[in-house]
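A short write-up of the structure that comes next.
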Amino acid sequence: MYQKSRLAQKRLHTLLKFLPDPVFAFTLDKKVEYINPAFERVFGWTLKEVKGKNIKFIPDHLIAQAKKGMKQLFENQSIHEFETQRYTKDGRILDISIDGSILYDEQNKPAGQVLILRNITTEKRMEKSNQILFRISRALHQYLELGDLIAFINKEIQKLISVEGAFILLADKSKDQLYFFSAQYRNAESEKKFKKIRFSADQGVSGRVYKTGEPLIILDAANCPFFLRRVEDETDLVTKNMLSVPIKLKDRIIGVISVTNKSHGEFDNTDVELLSMVTNTIALPIENTRIHEELKRSYKELKTLNRAKDNVINHLAHELKTPVSVLGASMKLLSKKLKAAGLQDPLIEKILTRGQRNLNRILDIQYEVEDLLRKKDFKAYHILNRLLDACKDELNILIESETDNIDIIKRVHDAIENLFGPKKIQSKYLLLNEYLINRIDQLRPEFQHRNCVLNTRIDKNIPVFIPPEILDIITKGIIRNAFEYTPDAGQIDIVLKNTGNDPELIVTDSGIGFTREKLHLIFENYFTPPDSIDYSTKKPYDFNAGGRGFDLLRIKIFSEKYHFKIWIDSNRCGVIPKDNDICPGDIHLCRACKTPNDCFASGGTSIHIKFPVT
């Protein structure tokens, strides 16, 4: 019987020796009877150190829970999967799951307890890590502001590693500095203090991690030779220990995450792995959000600059109108005076005509700029009207004494209204076929000096709803564009047809066409005008007389406001493939063309405008 008992004890001892989980047996007065090798390996104490002694490895904040568990053990004679925490000999704290039973003596009385303490630290941390990473991943797409995103991430890091402080520092590449972007420590006032601090990117623990790209654990900050004391001096931070991990992208490091003062135990490699998992998850979203915010700031600045530019252009355009109008009227008056004095010199008349034509061009540009900016300042209109009304009686007396033209005051009023007054633009229903026939007849005197063939095919269609003034600008712009890009002996086709239920106006020319680059930029008004001599020597509708580049851009803006579609199909003439290549301006002067058909097949442009039917 004795031999059987010894054999059973030997087998039990062998089983406990090789059992992978720690086993802990102790008496009713908590004195250690036995610990197996797994216990020594996990917790650090040897049987020789603790036999007959009480191991004080229960954290203070879990003593009440331990008493509750012991009561449960005696009530049920066993306990299963009781989750708690215990210290190791070196001060680390482990998550454990306890299974235990009561030990009985030969009289079947309780003599002690035996517990199996399974180390579930890694499992618990991974579970906690996965939950936190899931929350962070979900939040990455919910926060558009970088500050809100990083503050959320910082709070989750505090929970993950169980630390007093969590800090995210980002790099300012231009200044080679690190700065606290977010600081979770005590309260909001603390965070404000941290956010004022910047330091060289090679200083302190965070600086060393940023430069080396390797995580770093500092177990005793007070004795760390490169710990940056300035941070503690300028804040309420008291650092006992810390862990710093770089925030890495594929090709560079953008910052550092630092955590301080672990709540229980010391930082270890598990903490490094957990924090590294977080940085790998958040690095790209942080950088993308930062870039997004920089783009937003740049866009805001660009909008401000653009508004300032528009205001300057609008102001200059408005200021141009008055002196140009005065100059135009003066030139007309000068022409009349010369004729009245009998000084009708053809050379003088030619000079005056050229001057008047270019003044009209400046006025056209001013009107086009107003359309492009969609603004108009009527300040001058109101001021001039008030001045005229205030001086009306005096002016009437002066006019009656000096001239027989008694309606001159009304004519001045009308001139002010025409030049400076607000124009009410109202949409109307128009039959495009009837309108287009009349419009071509109106414009014909302006282009009839050109040696180009104009073909029209105008189908009947249903009405469109658009202001006639806008339609006048559109039709004149695209027809003039066709003539000014088409050499003499060329051909222009104006077609109005029904596409589906919508009227479509197509103006096609056999001209030089646009290069691919110019076609891409045409609605942005980026293309280069011809030499300035063309402005003074050529009339509207002459070949290559354009160049202001406003017409098509102006029509594009109208399309957005009045909901019609405009697009361009164009082929550059193969004989002059580049923008700076020159067309002679007459098909008969082109060495590459034996007949006009050779030119027609070489290049050309079609402008399509499709009007909606309301």
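The values are calculated or read from the model by the stated rules, or taken from the named source; none is laboratory data. Keep in mind it's a predicted model, so treat the numbers as computed, not measured. Note: ideal-geometry Cβ built from the backbone for every residue, glycine included; neighbour counts use all protein chains shown. The protein model used for the area step is the full one, side chains on, heavy atoms only, and it has no ligands, DNA or RNA in it. Shrake-Rupley method; radii C 1.70, N 1.55, O 1.52, S 1.80 Å.
So what is log10(I(q)/I(0)) for the stretch 84-130 at q = 0.14, 0.28 1/Å, when the Debye sum runs over its Cα atoms only?
Values returned for q = 0.14, 0.28 Å⁻¹ are -0.49, -0.98.
Trypsin sites (Lys or Arg not before Pro), restricted to the stretch 44-112: which are DSSP loop and have at most 12 other Cβ atoms within 10 Å?
Values: sites: Lys48, Lys51, Lys53, Lys56, Lys67, Lys68, Lys71, Arg86, Lys89, Arg92; in loops: Lys53, Lys56, Lys89, Arg92.
Of the trypsin sites (Lys or Arg not before Pro), the ones in loops of the stretch 44-112 whose Cβ has at most 12 other Cβ atoms within 10 Å are Lys53, Lys56.
For Leu28, what charge total do you get from the other residues with a beta carbon under 11 Å from its beta carbon, if Lys and Arg give +1 and Asp and Glu give -1?
On the way: positive: Lys30, Lys31, Lys109; negative: Asp29, Glu33, Asp105.
Neighbour charge sum, excluding Leu28 itself: 0.
Give me the net charge for the shell around Lys337: Cβ to Cβ below 15 angstrom, other residues only, Lys and Arg +1, Asp and Glu -1. The partial results should precede the final answer.
Working: positive: Lys332, Lys336, Lys339; negative: Asp345, Glu349.
Local net charge: +1.
So which of Lys303/Lys476; Lys17/Lys240; Lys155/Lys303; Lys428/Lys556; Lys30/Lys155 end up more than 30 Å apart by C-alpha?
On the way: Lys303/Lys476 32 Å; Lys17/Lys240 39 Å; Lys155/Lys303 36 Å; Lys428/Lys556 20 Å; Lys30/Lys155 40 Å.
Pairs exceeding 30 Å: Lys303/Lys476; Lys17/Lys240; Lys155/Lys303; Lys30/Lys155.
Given a 1.4 Å probe and the protein chains all in place, what does the accessible area of Tyr541 round to, in Å² to the nearest 10?
Approximately 0 Å² of Tyr541 is accessible to the 1.4 Å probe.
If you place +1 on the Cβ of every Lys and Arg and -1 on the Cβ of every Asp and Glu, how big does the dipole about the Cα centre of the stretch 42-128 come out, in debye to the nearest 20?
So the dipole magnitude of the stretch 42-128 works out to roughly 340 debye.
With every protein chain left in place, what is the accessible area per residue of the stretch 428-610 in square angstrom, probe 1.4 Å? The partial results should precede the final answer.
On the way: 9250 Å² over 183 residues.
I get 51 Å² per residue for the stretch 428-610.
Need one value: the accessible area of Leu334 in square angstrom, 1.4 angstrom probe, rounded to the nearest 10.
Per-residue accessible area (Leu334): approximately 80 Å².
Along Cα→Cβ, 7 Å out, is where each label goes; now give me the distance between the ones at Lys594 and Lys350 in nm to one decimal.
Placing both labels 7 Å along Cα→Cβ, they lie 4.0 nm apart.
How much length would be gained if the chain were fully extended between Leu302 and Glu214, taking 0.36 nm per residue of separation minus their Cα-Cα distance, in nm to one decimal? Intermediate values should be presented prior to the final figure.
Details: separation 88, 0.36 × 88 = 31.68 nm, distance 3.98 nm.
Length difference between fully extended and current span is 27.7 nm.
Between Asn360 and Lys565, what is the label-to-label distance in nm when each label sits 7 Å out along the Cα-to-Cβ direction?
My value for the distance between the label points is 3.6 nm.
Kindly give Rg over Rh for the stretch 125-299, based on alpha-carbon atoms, with the Kirkwood expression for the hydrodynamic radius. Present the calculation step by step, with values, prior to reporting the outcome.
Working: Rg = 15.1 Å, Rh = 16.2 Å.
Rounded to two decimals, Rg/Rh equals 0.93.
Excluding Lys296 itself, calculate the net charge of residues whose Cβ lies under 13 Å from the Cβ of Lys296, where each Lys or Arg counts +1 and each Asp or Glu counts -1. Spell out each step's value before the answer.
Working: positive: Arg290, Arg297, Lys300, Lys303; negative: Glu145, Glu293, Glu294, Glu301.
Neighbour charge sum, excluding Lys296 itself: 0.
Give the value in nm², to one decimal: projected area of the alpha carbon convex hull of the stretch 16-119, averaged over all directions.
Values: hull surface 25.8 nm².
Averaged projected hull area, Cα only: 6.4 nm².
Work out how much length Lys124 to Glu266 would gain on full extension: take 0.36 nm times their residue separation and subtract the Cα-Cα distance, in nm to one decimal.
On the way: separation 142, 0.36 × 142 = 51.12 nm, distance 1.71 nm.
Gain in length upon complete extension: 49.4 nm.
Taking the full set of protein chains and a 1.4 angstrom probe, give the accessible area of Glu273 in square angstrom, rounded to the nearest 10.
Here the accessible area works out near 110 Å².
Once you put a point 7 Å from the Cα of Lys175 and another 7 Å from the Cα of Gln72, both along the Cβ direction, what distance in nm separates them?
5.5 nm
Any chance you could get the radius of gyration and Dmax over the Cα atoms of the stretch 145-228, in Å?
Rg then Dmax for the stretch 145-228, in Å: 13.1, 38.
Using DSSP to call loops (not H, G, I, E or B), can you name the trypsin sites (Lys or Arg not before Pro) in the stretch 137-219 whose Cβ has at most 11 other Cβ atoms within 10 angstrom? Show your work: numbers first, answer last.
Values: sites: Arg138, Lys155, Lys159, Lys173, Lys175, Arg186, Lys192, Lys193, Lys195, Lys196, Arg198, Arg208, Lys211; in loops: Lys173, Lys175, Arg186, Lys196.
In loop regions of the stretch 137-219 (DSSP not H, G, I, E or B), the sparsely surrounded trypsin sites (Lys or Arg not before Pro) are Lys173, Lys175, Lys196.
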